[in-house]
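Have a look at the structure below, then the notes.
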Amino acid sequence: MDYQSRKDLIDKLQELELKYEVQEWKIKEIHIWPLIKQIIFFYHYQQIFSDVHENTLEQNEVKGIVNRIYNRIKNFIFFYSIKIPKIDFLFSGAPSHRVDFNGSFINRYFDPLIDINEKEGISSLLVENQKLPAKKIIYKKERVLDATSIFPVFFKRYHIASEWKLLFKDNKGFKEFLHDIEKNGVIDRNILNINLQKKINHVKSWSNFFRWLIKKTEAKMVAGICYYSNAMYGLNLAAHQLNIKSADMQHGAQGNMHIAYNFNKIPDNGYNILPKYFWVWDFESKNHLENIFKSQNFHKVVLKGNPWFNFIKENSSKLSIRENKPLILISVQPLREILNTNIYEIIRSTANMYAWWIRLHPRMSKTETANFISELKFNQVYDKINIKEASNLPLPIILQNAKLHISKYSGTISEAAMMQVPSLIIDEIGTKTYDNLIEKGIAYNGLNLTSALIEKIISEK
């Protein structure tokens with residue numbers, strides 16, 4: 001989705017949000033507007049409707065009956081045999097939030113916080129809502145719980161169709177909204193209905209799991225990453241129901257171009273599937289969210305920085321990068337066009353001047369990675385770049401040694417700014433998302449990228 005298409009879609013969703021009392025709509029006691037927005041956005045983004053964070057349940061549905069029964073038995077055996085400790089804090093993340101560090105697979109956002117908690121005598125549990133890779137050495141595995149082995153026990157199919165019909169019948173605004181989105185080609189109401197039912201089933205089931213877990217652990221607070229996955233919606237809902245604090249850890253770019261951090265209307269007591277607190281890295285993110293939530297008193301924003309940066313400073317004395325040329329880091333994302341074609345000519349023509357590093361996105365599949373490497377080889381730059389170290393070394397270590405960062409609209413732009421590394425932004429979505437950094441001279445508009453512009457920025461900085 002290009003910038004203009006994305007902007008038009010977000011503008012349309014904002015228009016609908018202002019036109020209708022979306023903050024009042026509920027099904028199964030869940031505020032459904034955040035879910036509806038997400039479904040519509042990804043419908044146009046041409047991605048699979050089931051969330052990228054979904055796991056074994058949908059996969060099991062396409063397997064044979066024998067496998068389903070076998071897996072179900074395993075889930076129940078694990079459920080009844082697992083010992084759940086009493087804790088103070090409950091965190092939840094996924095493998096995409098982890099990196100390899102000093103021989104261990106570490107959650108770069110939560111493990112540093114849990115380490116600090118332990119030093120202060122505060123107990124924590126890190127719940128993985130996706131399957132961890134079997135071959136990885138998990139950092140301090142004794143405090144990690146595999147939710148995917150328990151969650152199927154809590155999955156339930158809810159009869160949602162009747163509540164949809166009731167909302168359609170009793171709420172004139174909802175009825176007009178459905179007519180509006182069909183008339184204007186936003187989405188077919190049946191597609192919306194089907195996918196909303198799927199999401200509610202998963203969110204409710206995840207809330208059942210986390211409500212059980214919170215009660216067992218007696219946790220006083222919960223925190224997740226990427227609050228708009230089905231699992232994290234469920235975590236926030238469980239915390240809301242049990243009246244305990246919940247938080248969302250910033251993990252990348254926010255702002256007006258991000259559908260999950262962009263609201264015009266909010267219930268007086270907040271959306272019950274959103275977190276109570278938003279932990280952000282920088283003043284720009286804080287100011288943006290405070291402006292979004294200024295009309296209510298439930299959702300709060302706290303500026304606490306990036307825990308991973310401090311962790312690296314304290315634990316990376318043995319890590320170093322040796323390059324005899326200025327290092328330029330390119331961070332890529334799992335997009336249809338990963339890099340603009342003109343950058344390949346720049347790499348080829350400047351390979352003797354700069355050390356080019358390309359960092360893969362952690363959610364890129366093996367197929368996406370293989371296709372991208374084929375593209376690099378086709379454009380005759382694969383032997384002129386460093387992918388292995390760029391993708392495996394901790395990002396703060398690379399940024400400490402980088403003279404320039406290039407990206408479309410990766411959250412690495414924010415992280416580079418925190419370390420005073422200039423970024424060249426090569427996509428219009430990125431230039432609009434990070435316009436405040438461009439205004440401050442921390443980032444640059446790189447839509448017309450040239451080797452001369454790169455040389456100018458590096459020499460100035």
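All of the numbers you see were taken from the coordinates with simple rules; none came from a lab. Please read these numbers as outputs of a predicted model, since none were measured by experiment. Methodologically, a virtual Cβ is constructed for each residue, glycine included, from the backbone with ideal geometry; neighbour enumeration extends over all protein chains shown.
Things to note:
- A viscosity of 1.567 mPa s and a temperature of 4 °C, combined with the Kirkwood radius over Cα pairs in Stokes-Einstein, give a translational diffusion coefficient for the range 239-280 of 112 µm²/s.
- For the range 125-166, alpha-carbon Rg over 2.2 N^0.38 Å: 1.80
- From phi via Karplus (6.51, -1.76, 1.60), per-residue ³J(HN,Hα) for the range 348-365 in Hz, x at Gly/Pro: 4, 7, 10, 4, 7, 9, 10, 8, 8, 10, 10, 9, 6, 6, x, 8, 5, 6
- Our estimate of slack between N190 and T341, defined as 0.36 nm per intervening residue step minus the Cα-Cα distance, is 50.4 nm.
- In this structure, the residue pairs whose Cα-Cα separation is over 23 Å, taken from K198/K286; K86/K141; K136/K215; K119/K388, are K198/K286; K136/K215; K119/K388.
- Computed from backbone phi, the HN-Hα couplings of the range 33-44 come to 4, x, 5, 4, 4, 5, 4, 4, 4, 6, 4, 7 Hz, rounded to whole numbers (Karplus: 6.51 cos²θ - 1.76 cosθ + 1.60, θ = phi - 60°; Gly and Pro given as x).
- Over the range 225-311: Rg over Rh, Cα atoms, Kirkwood Rh: 0.94
- Within the range 241-282: backbone nitrogen closer than 14 Å to the K7 label point (7 Å, Cα to C-beta): 256-258
- For a modelled paramagnetic label at Q14, 7 Å from Cα along Cα-to-Cβ, no residue of the range 161-190 is in reach, as no backbone nitrogen comes under 18 Å.
- Alpha carbon convex hull of the chain, volume per residue in cubic angstrom: 156 Å³
- The chain - share of DSSP beta bridges that are antiparallel (%, nearest 5): 10 percent
- Taking label points 7 Å from Cα along the Cα-to-Cβ direction, V302 and I116 give a separation of 1.0 nm.
- Environment charge at L166 (Cβ cut-off 12 Å; Lys +1, Arg +1, Asp -1, Glu -1): +3
- Efficiency of FRET from Cβ geometry, D170 and S365, R₀ 60 Å, rounded to 0.05: 0.85
- Electrostatic bookkeeping for I328 treats Lys and Arg as +1 and Asp and Glu as -1; over the other residues with beta carbon under 14 Å from its beta carbon, the sum is +4.
- Evaluated at q = 0.12, 0.18, 0.19, 0.22 Å⁻¹: base-10 log I(q)/I(0), Debye formula over Cα of the range 173-296: -0.54, -1.08, -1.14, -1.27
- Cα gyration tensor category, rounded, prolate or oblate, for the range 243-376 with a/c compared to 1.5: prolate
- Taking every DSSP helix (H) stretch of at least 4 residues in the chain, weighting each as -39,500 (n - 2.57) and dividing the sum by the residue count yields a mean residue ellipticity at 222 nm of -13500 deg cm²/dmol.
- A compact globular protein would have a Cα radius of gyration near 2.2 N^0.38 Å; the ratio found for the range 268-332 is 1.69.
- Take the Kirkwood radius over Cα pairs of the range 108-222, plug it into Stokes-Einstein at 4 °C and 1.567 mPa s, and you get 73 µm²/s for translational diffusion.
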